[in-house]
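Reviewing the structure listed below.
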Amino acid sequence: MQELIQRLGAVRASIDDAARRAQRDPAAIRLVAVSKTRTEGEIAAAAQAGQRDFGENYLQEALPKIEALLEHNLVWHFIGPIQSNKTRDIATHFDWVHSVSRLKIARRLSDQRPDGAPPLNICLQVNIDGEDSKAGVAPAETLELAREIASLPRLTLRGLMAIPAPADNAARQAAPFAALRRLTEDCRHHGLTMDTLSMGMSGDLDAAVAEGSTMVRVGTAIFGPRPVKTGETH
Ligand SMILES: *Cc1c(COP(=O)(O)O)cnc(C)c1O
């Protein structure tokens, strides 16, 4: 656990360094610790070290952890694929959803968000590099979907999210992040309010921060290598 706390500190420090190099305020970049496959104990240790935001991909795995860690008052981000029959639990137990790419799913999340809860924070997942097999709305369809989602009553549209194909050098990593930032700017020019760019993971943090990320989703660099799980796509 000591190691985990050191790695968490090192990740925060490298985000802060990347921000300074890009002449950005480090406080403008929020760290979401991606805790898929991790135990309650590991999450609690990170929480005790001051980490508040956690991301989960698999609903079945997340629900017992959220329940067990209620007293820590954590902020939960759903970042995985969304099936229609899972929207009620997601709308009930999460604070953010980063992986919305269909209006039908957004409508269900809005309808099913419990009365009395604050609006659910939403990022649209964009298939920024246009890979055929990949989840996300096409860049050319993003503005229209964003407009429709912004009008749903129990949701707050916060911004865009992307998971670009892995690239091994900084310039290749930067291109899709820059494209996502420009798409956000385009949505803003059309009158939409967006304050979030959810981009950057363990392997491409620096490039994402340099291109304007406000939320990085980091698993491996905090918790160590994940056990390989069938069905996982990255
Ligand atoms: C697993 C995952 C991450 C974290 O990936 P690491 O490479 O472990 O940092 C970030 N975002 C999404 C959507 C993920 O599924």
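The values are calculated or read from the model by the stated rules, or taken from the named source; none is laboratory data. Only a predicted model underlies this, so the values are computations on that prediction, with no experimental measurement involved. Positions of Cβ are backbone-derived with ideal geometry, glycine not excepted, and every protein chain shown enters the neighbour counts.
Out of contact with any His (no Cβ under 7 Å at 6 or more places or on another chain) and under 14 Å from Leu59 (Cβ atoms) - does that describe any residue in region 115-123? Checked against the condition, which is being out of contact with any His (no Cβ under 7 Å at 6 or more places or on another chain) and under 14 Å from Leu59 (Cβ atoms), region 115-123 yields no hits at all. If you check Ala46, Ala91 for being within 17 Å of the chain's Cα centre (by Cα) and at pLDDT 95 or above, only one passes: Ala91.
Tell me, yes or no, whether region 23-34 has at least one residue that is more than 19 Å from the chain's Cα centre (by Cα) and surrounded by 17 or more Cβ atoms within 10 Å (Cβ to Cβ). Among the residues of region 23-34, at least one is more than 19 Å from the chain's Cα centre (by Cα) and surrounded by 17 or more Cβ atoms within 10 Å (Cβ to Cβ), which makes the answer yes. Looking only at region 194-215, decide whether some residue is closer than 14 Å to Val100 by Cβ, within 16 Å of the ligand (Cβ to nearest atom) and among the small types (Gly, Ala, Ser). Yes: one or more hits.
Residues that are part of a helix (DSSP H, G or I) and within 16 Å of the ligand (Cβ to nearest atom) were ranked within region 70-104; the one that is surrounded by the fewest Cβ atoms within 10 Å (Cβ to Cβ) is Lys86. Each residue in region 216-229 was checked for being touching a residue at least 24 places away in the same chain (Cβ under 8 Å) and more than 7 Å from the ligand (Cβ to nearest atom), and 6 pass.
Residues checked against (1) among the aromatic types (Phe, Trp, Tyr); (2) closer than 20 Å to Asp204 by Cβ; (3) assigned to a helix (DSSP H, G or I):
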residue	(1), (2), (3)
Ala10	no, yes, yes
Gln23	no, yes, no
Ala27	no, no, yes
Glu42	no, no, yes
Gly55	no, yes, no
Glu61	no, no, yes
Pro64	no, no, yes
